[in-house]
1. Quick one: is L86 without any contact (Cβ under 8 Å) to a residue 40 or more places away in the chain and in contact with a helix residue (DSSP H, G or I) (Cβ under 8 Å, 6 or more places away or on another chain)?
2. Can you name the residue in segment 18-77 that is assigned to a loop (DSSP other than H, G, I, E, B) and aliphatic (A, V, I, L, M) and, of all such residues, is surrounded by the fewest Cβ atoms within 10 Å (Cβ to Cβ)?
3. Being surrounded by 12 or more Cβ atoms within 10 Å (Cβ to Cβ), more than 28 Å from H39 (Cβ to Cβ) and modelled with pLDDT of 95 or more is the requirement here; does S137 meet it?
4. Search segment 165-189 for residues that are charged (D, E, K, R) and pair each with any residue that is at pLDDT 90 or above when their beta-carbon atoms are under 7 Å apart and the residues are at least 6 apart or on different chains.
Amino acid sequence: MDALSLLHERVSMPLLEAPGPTSEQLEQIFTAAVRAPDHGALKPWRFLLIEGEDRAALGELFTQAALSDNPDLPAERRQKTAGKPLRAPCIVVVIAKAVEHAKVPVLEQQISAGCCAQNMILAAHALGLGAMWRTGSMAYHPTVHQGLGLVPEESIIGYVYFGTPVRQRRVPKLETSKFVARWPESDND
């Protein structure tokens with residue numbers, strides 16, 4: 001697959017099943033991730049790989065967080081929350097690891113970590129895998145941050161789910177003209 005086809009044809013795959021990426025494929029995915037743009041060469045990121053039974057433990061952590069917000073959480077919501085990490089055989093938590101820097105603001109460092117996530121998703125597509133970038137309230141919850149071992153200057157950029165697509169998705173056609181304008185705008189247009 002050439003690079004432009006990869007970029008033009010990638011779509012999120014919300015329905016994923018086993019098998020997940022092999023060790024070799026994960027190495028390719030992580031190699032792509034660390035090639036993200038990185039102003040100041042700060043490497044403001046780290047990744048947590050969650051597979052197998054550890055996904056259920058992550059679901060328990062999500063449930064604990066949800067219960068801390070609402071001790072009366074209905075059983076159905078508890079079950080749904082606990083099952084979120086089971087939607088794919090492999091999850092990578094992308095964490096921005098921001099540092100104080102005179103020329104590189106925290107936002108830029110977080111965007112760099114986001115580029116890591118995008119590179120992972122593109123690498124997965126190139127390898128024939130499906131991927132889905134998810135966030136939601138569990139990306140921002142202090143109980144989850146503590147349970148995953150984040151320190152105060154870290155933030156979760158997203159949970160990237162990997163696996164085999166249950167079915168292929170149609171690539172929607174987007175009209176780029178709806179998102180692009182020339183500056184300064186000319187009165188002659």
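The values are calculated or read from the model by the stated rules, or taken from the named source; none is laboratory data. Small disclaimer: the values here were computed from a predicted structure and weren't measured. Cβ: placed from backbone, ideal geometry, glycine included. Neighbour counts: every protein chain shown.
1. Values: without any contact (Cβ under 8 Å) to a residue 40 or more places away in the chain: yes; in contact with a helix residue (DSSP H, G or I) (Cβ under 8 Å, 6 or more places away or on another chain): yes.
It is true that L86 is without any contact (Cβ under 8 Å) to a residue 40 or more places away in the chain and in contact with a helix residue (DSSP H, G or I) (Cβ under 8 Å, 6 or more places away or on another chain).
2. The initial filter retains those residues of segment 18-77 that are assigned to a loop (DSSP other than H, G, I, E, B), namely 18-22, 34-38, 42-44, 52-53, 70-74.
Then keep just the ones that are aliphatic (A, V, I, L, M); that gives 18, 34, 36, 42, 73.
Details: A18: 9, V34: 13, A36: 19, L42: 15, L73: 15.
Ranking the qualifying residues of segment 18-77, first place goes to A18.
3. Values: surrounded by 12 or more Cβ atoms within 10 Å (Cβ to Cβ): yes; more than 28 Å from H39 (Cβ to Cβ): yes; modelled with pLDDT of 95 or more: yes.
Against the criterion (surrounded by 12 or more Cβ atoms within 10 Å (Cβ to Cβ), more than 28 Å from H39 (Cβ to Cβ) and modelled with pLDDT of 95 or more), S137 qualifies.
4. R167/L15; R169/V11; R169/M13
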